[in-house]
Amino acid sequence: MMNMDLSPSLKTNSPSLKTNIDELLLILNIVNRGAVIIAVCNNTQLQSDIITLLQNKCENHNLKFVSIKMDRENNNLIKCLETDLMRNNFGSKVVYSVTGVESIESLLHLNLKRDFFYGFKYPVIFWVNSDVVRQMMLKAPDLWHIRTKMIEFGTNDSKNAGVIFSIQDWISEDRLHDNMRFKNLKSKIEFICLRLSEES
C-alpha cells in the first residue's frame, strides 16, 4: 500500500495512481530489452511527485533509476543516453526517466533516430503532457508507433477510460502495423482517444 507520507497531489489521486504506478513498475521489472514508455501527466507537480515515488520503488526493486532533463543546451537525448552508458558500468538493470522533451525539433530528431531504441537494451520513460503526445502523434509518428506502452496519470479518472484503452490496445496489435492504410487509421483513432480523455 502507498504510505501516508505522500504529497497532497499523490494523496488526491492515490486510487488510480497506485494502479498506474504498479503497472509501470511491473513493466520495468519484466522487460528484458529496451522499451519506450510514454507517461502522460498534465500536472507538473504531480509528475514530479510520481517520478520521485517511482524512483524509490525502482531502487527497492534493484532497478537503477537515471533521470535525464532535456533543455536547450542538453537537447540530444541519443547522445545523452550513449554518454551515460559509456560513463557508467551498471551492474544492475537501468531505467531511464526523461523529462523536457517538448520542442518540435526534439520530436523530429527522435523520430529520425527511432531505430536507436530497437537496439537500446534499457527501458526509457518519456514524461510528457497531452500536448506533447499530440505533437508526437503528428510530427513523430514512427517514434509513437514503436512505443511499448502509454500510461496516463491524470487528476481524475476519465469516464471514457475503458473505451479509450480498449481501442488503444486493439490498434496496437502488430497485425495492423504492416499496412499503411491501417497506420493512418491508427493515428487518427489515437488522436481522437486523446481528445476524449482530455475532455472527460
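Close amide H pairs (under 5 Å, H built 1.01 Å from N) link S67 with S97, residues at least 5 positions away or on another chain.
Extension gain for S92 to N29 (0.36 nm times residue separation, less C-alpha to C-alpha distance): 21.5 nm.
Scanning residues 5 or more positions from E152 or on other chains, those with amide H under 5 Å from its amide H are V40, with H placed 1.01 Å from N in the peptide plane. When the C-alpha to C-alpha distance is required to be over 26 Å, the pairs from K57/K113; K18/K64; K18/K149; K18/K113; K57/K139; K18/K79 that qualify are K57/K113; K18/K113; K57/K139; K18/K79.
Take every Cα pair under 8 Å in the range 8-157 that's 6+ residues apart, average their separations, divide by the length, and report that relative contact order as a whole percent. Show your work: numbers first, answer last.
Details: 209 pairs, mean separation 60.9, N = 150.
Relative contact order for the range 8-157 comes out at 41 percent.
Subtracting the Cα-Cα distance from 0.36 nm times the residue separation, let me have the gained length for K121 to E59 in nm, one decimal. Please report the intermediate quantities before stating the final value.
Details: separation 62, 0.36 × 62 = 22.32 nm, distance 1.86 nm.
So the chain would gain 20.5 nm between K121 and E59.
Distances between placed amide hydrogens fall under 5 Å for N129 paired with C41, all partners being 5 or more residues away or on another chain.
Could you tell me the distance between the Cα centroids of the range 38-64 and the range 103-140, to the nearest Å? What the calculation gives is 19 Å, centre to centre. Residue order for C80, C58, fewest other beta carbons within 10 angstrom first, comes to C80, C58.
Please go through the range 17-76 and write out the GluC sites (Glu not before Pro) that DSSP classes as loop and that have at most 14 other C-beta atoms within 10 Å. Please report the intermediate quantities before stating the final value.
On the way: sites: E23, E59, E73; in loops: E73.
Of the GluC sites (Glu not before Pro), the ones in loops of the range 17-76 whose Cβ has at most 14 other Cβ atoms within 10 Å are E73.
If you keep only loop residues by DSSP, which trypsin sites (Lys or Arg not before Pro) in the range 12-86 have at most 14 other Cβ atoms within 10 Å of their Cβ? If you can, show how the numbers build up before the last one.
On the way: sites: K18, R33, K57, K64, K69, R72, K79; in loops: R33, R72.
Hits after loop and neighbour filter: R33, R72.
FYI, it's all coordinate maths here, none of it is from the lab. Predicted, not measured: the structure shown is a model, and the values here were computed from it. Cβ: placed from backbone, ideal geometry, glycine included. Neighbour counts: every protein chain shown.
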